[in-house]
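As structure tokens, the structure follows; a few thoughts come after it.
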Amino acid sequence: MISTDFRIISLLDWLENDCFLNVQSCEPASNDASFRRYFRVKIDDRHFIAMDAPPDKEDIVPFIEIATLLKDANVNTPTLLHCNLEDGFLLLEDFGSQWLLDELSEHNAGELYAKALNDLLPLHTHENLLNANLPAYDEPLLRREMALFEQWFVEQLLDDELPQALWENVQQLLIQSALEQPVVCVHRDYHSRNLMVLENGDLGVLDFQDAVLGALTYDIVSLLRDCYIDWDDKKIENWLHDYFEKLHAAKVVDCDFETFKRWFDLMGMQRHLKAIGIFARLHLRDEKSDYLKSIPRTLNYVVQVCGAYPELREFQTLVKDFTTRSLPNVV
């Protein structure tokens, strides 16, 4: 097992000489939109996941703290086996390589989404998570996220600019909607590429280290209006209504479904604007251009939501124009 990558050499040295583990192989496990890397390591004929998070770029302490919180709330996150804070290495339980995205089809989507939403319920109801010392998903954070759309997608990728009065009105509308919702634990990336289908049929939850306390509908829309796969609006509304009934029974919401659906739509728009900016940044700054493929679908979500609310029609016209622009080719 020979490598010229210093981080991999250090990781293997830690596993073998500090953790006293017999590493038989080490292979890349997945790509990530951050600076973290994941490797599937074989140890005594069993597979585990090793995380490499360079300390100058990634802090693994939130990952450890939130993993513990979620595990205590019966959320199925990987068990943490060994930790090296100084070098930014973790050894974790291996949830395999079957993304929910890979398993979804027309005939099983209802069942799998019901399972994913049921697994989301502890984040919305568990007392320890609701009272956790997590960052607030407040107005400054919401604005920083939407600024990614303006800075990276509109200005840098399209070489254009947003009309500032219109853009401010859109941001105010989305912020107001987000902040009037019940506050829950928000995973922030609860979608089909962060949920794994395990051998026993259960789902495993990954990439939770950026969790915050914020708007109820954020993770729901991340899942149902996924940037990587889309579904018929009627299906989405049925799945959403079923989950709304669960939230109502658990006394998480006391509004009507129309209000809840508006929260869902506008929260999705905020998330999708952020995601479009991140996809553009991954291409321009990090040379991860494959994410550009998800921009047209995500822009279309924004167009659809704008069309449902008269106060967003002017912004819809602007975004429709963006959908006609040519994006860089992805090989």
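Restricting segment 14-36 to residues that are over 17 Å from L195 (Cα atoms) and in a strand (DSSP E or B), which is nearest to the chain's Cα centre (by Cα)?
Selected residue: P28.
Looking at I220, is it buried (at least 23 other Cβ atoms within 10 Å of the Cβ), in the same structural domain as Y137 (by TED's automatic domain parsing) and part of a helix (DSSP H, G or I)?
So I220 passes the test.
Select from segment 101-111 the residues that are in contact (Cβ under 8 Å) with a residue 60 or more places away in the chain and within 20 Å of D242 (Cα to Cα) and list them in ascending order.
L104, A109, G110
Sort out which residues of segment 131-169 are over 30 Å from E287 (Cα atoms), hydrophobic (A, V, I, L, M, F, W, C) and either out of contact with any Asp or Glu (no Cβ under 9 Å at 6 or more places or on another chain) or assigned to a loop (DSSP other than H, G, I, E, B) (or both), and write them in order of number.
Matches in segment 131-169: A132, L134, A136, A165.
Which residues, counting only those in segment 99-122, are of a type outside the set (G, A, S), surrounded by 14 or more Cβ atoms within 10 Å (Cβ to Cβ) and either at pLDDT below 95 or over 16 Å from the mean Cα position of the chain (by Cα) (or both)?
Selection gives E103, L104, L112, K115, L121, P122.
Filtering segment 242-279 down to residues that are under 14 Å from the mean Cα position of the chain (by Cα) and among the β-branched types (V, I, T), which residue is surrounded by the fewest Cβ atoms within 10 Å (Cβ to Cβ)?
I278
When you go through I229, I236 one by one, which is the residue that is over 24 Å from N131 (Cβ atoms), in contact (Cβ under 8 Å) with a residue 40 or more places away in the chain and β-branched (V, I, T)?
Details: I236 fails: in contact (Cβ under 8 Å) with a residue 40 or more places away in the chain.
Testing whether each residue is over 24 Å from N131 (Cβ atoms), in contact (Cβ under 8 Å) with a residue 40 or more places away in the chain and β-branched (V, I, T) leaves just I229.
Can you find even one residue in segment 51-71 that is on the phi > 0 side of the Ramachandran plot, surrounded by fewer than 18 Cβ atoms within 10 Å (Cβ to Cβ) and outside the structural domain of D226 (by TED's automatic domain parsing)?
Within segment 51-71 (the criterion being on the phi > 0 side of the Ramachandran plot, surrounded by fewer than 18 Cβ atoms within 10 Å (Cβ to Cβ) and outside the structural domain of D226 (by TED's automatic domain parsing)), the answer is no, since none of the residues qualifies.
Under 7 Å between Cβ atoms, at least 6 apart or on separate chains: pull out the pairs that start in segment 203-222 with a residue that is free of Cβ contacts under 8 Å to residues at least 60 places away in the same chain and end on any residue that is of a type outside the set (A, V, I, L, M) and part of a helix (DSSP H, G or I).
Sorted first by the residue in segment 203-222, then by its partner, the pairs are T217/W263; T217/F264; V221/F264; V221/G268; V221/R271; S222/R271.
Just for segment 285-302: of the residues that are of a type outside the set (D, E) and assigned to a loop (DSSP other than H, G, I, E, B), which one is modelled with the highest pLDDT?
Only one residue tops the list, namely R285.
Being at pLDDT 95 or above and touching a Cys at 6+ places or on another chain (Cβ under 7 Å), is that true of even one residue in segment 273-284?
Checked against the condition, which is being at pLDDT 95 or above and touching a Cys at 6+ places or on another chain (Cβ under 7 Å), segment 273-284 yields at least one hit.
Report yes if I295 is in contact (Cβ under 8 Å) with a residue 24 or more places away in the chain, of a type in the set (V, I, T), under 23 Å from G214 (Cβ atoms) and in contact with a Phe, Trp or Tyr (Cβ under 6 Å, 6 or more places away or on another chain), otherwise no.
Values: in contact (Cβ under 8 Å) with a residue 24 or more places away in the chain: yes; of a type in the set (V, I, T): yes; under 23 Å from G214 (Cβ atoms): no; in contact with a Phe, Trp or Tyr (Cβ under 6 Å, 6 or more places away or on another chain): yes.
Answer is no for this residue.
Collect the residues in segment 165-178 that are touching a helix residue (DSSP H, G or I) at 6+ places or on another chain (Cβ under 7 Å) and under 15 Å from W263 (Cα atoms), keeping them in residue-number order.
V170, Q171, L173, L174, I175, S177, A178
The values are calculated or read from the model by the stated rules, or taken from the named source; none is laboratory data. In this text the structure is predicted, and so the values were computed from the model without any measurement. Neighbour counts are summed over all protein chains in view; Cβ atoms, including those assigned to glycine, are modelled from backbone coordinates with ideal geometry.
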